[in-house]
């Protein structure tokens, strides 16, 4: 008798929770957008993308030029190293002074190639940072326009949350459902 009574209470509580949850869920509306599609079709975004591609191409041309210069220096180093090795093996280098001069020359060429390579790496990092900053700067007004439009449409359609289909991020959330400060209060 007690177990059937407990089962009845449990089922009653579950039913009340289910109806309450479905009532809450019927009030919450979700929506999504595909930001990739929007960015591909929005003229302002296409213009920004074209500008970024042009900027990237100019940097890549400079990188290729610097890489060619490094390759040329590396080739010179390799040929001078091979020549020096042949001279040592054939006995043309007889004195310590000649050996020291040869080692200094080879060492200087090696340092030069290494310095060029390090400078190129720094240049590439700098380019990447510049491109990221420029992309952020150029896309900021486009993103603001998209976000404002999403908010307007969400409010008009009474949608509480809008997610981005491309990466699952929340693009719009009704402030009524923001529990940030309740969580902070509870944590304090």
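Taking the Cα-to-Cβ direction at residue 170 and at residue 132 and moving 7 Å from each Cα, how far apart do the two end points lie in nm?
Roughly 2.6 nm, to one decimal.
How high is the FRET efficiency from residue 179 to residue 124, r the C-beta distance, R0 45 Å, rounded to 0.05?
FRET efficiency, residue 179 to residue 124: 0.55.
Given q = 0.16, 0.17, 0.18, 0.21 Å⁻¹, what are the Debye log10 I(q)/I(0) values for the stretch 47-139, with equal point scatterers placed on the Cα positions and solvent ignored?
With one equal scatterer per Cα and no solvent, log10 I(q)/I(0) is -0.73, -0.78, -0.83, -0.98.
Give the shape of the stretch 117-188 as rounded, prolate or oblate, defined through the alpha-carbon gyration tensor: a ≥ b ≥ c are the square roots of its eigenvalues, a/c under 1.5 means rounded, and otherwise the shape is prolate if a/b is larger than b/c and oblate if not.
oblate
Semi-axes of the chain's equivalent ellipsoid from the Cα gyration tensor, sqrt of 5 times each eigenvalue, largest first, rounded to whole Å?
Output for the chain: semi-axes of 69, 27, 14 Å.
Tell me the relative contact order for the stretch 47-139 as a rounded percent, counting alpha carbon contacts under 8 Å between residues six or more apart.
It rounds to 54 percent for the stretch 47-139.
Relative contact order (percent) for the chain, with alpha-carbon contacts under 8 angstrom and 6 or more residues of separation?
35 percent
Evaluate the distance, in nm, between pseudo-label points positioned 7 Å from the Cα of residue 58 and of residue 145 along their respective Cα→Cβ axes.
So the label points at residue 58 and residue 145 sit 2.3 nm apart.
Using a 7 Å offset from the Cα along the Cα-to-Cβ direction at both residue 155 and residue 76, what is the distance between the two label points in nm, to one decimal?
So the two model labels end up 6.6 nm from each other.
Each reported figure results from applying straightforward, stated rules to the coordinates on display, with no laboratory input. Everything numeric here is computed off the predicted structure, so don't read it as measured data. In this analysis, Cβ positions are derived from the backbone assuming ideal geometry, glycine residues included, and neighbour counts consider all displayed protein chains.
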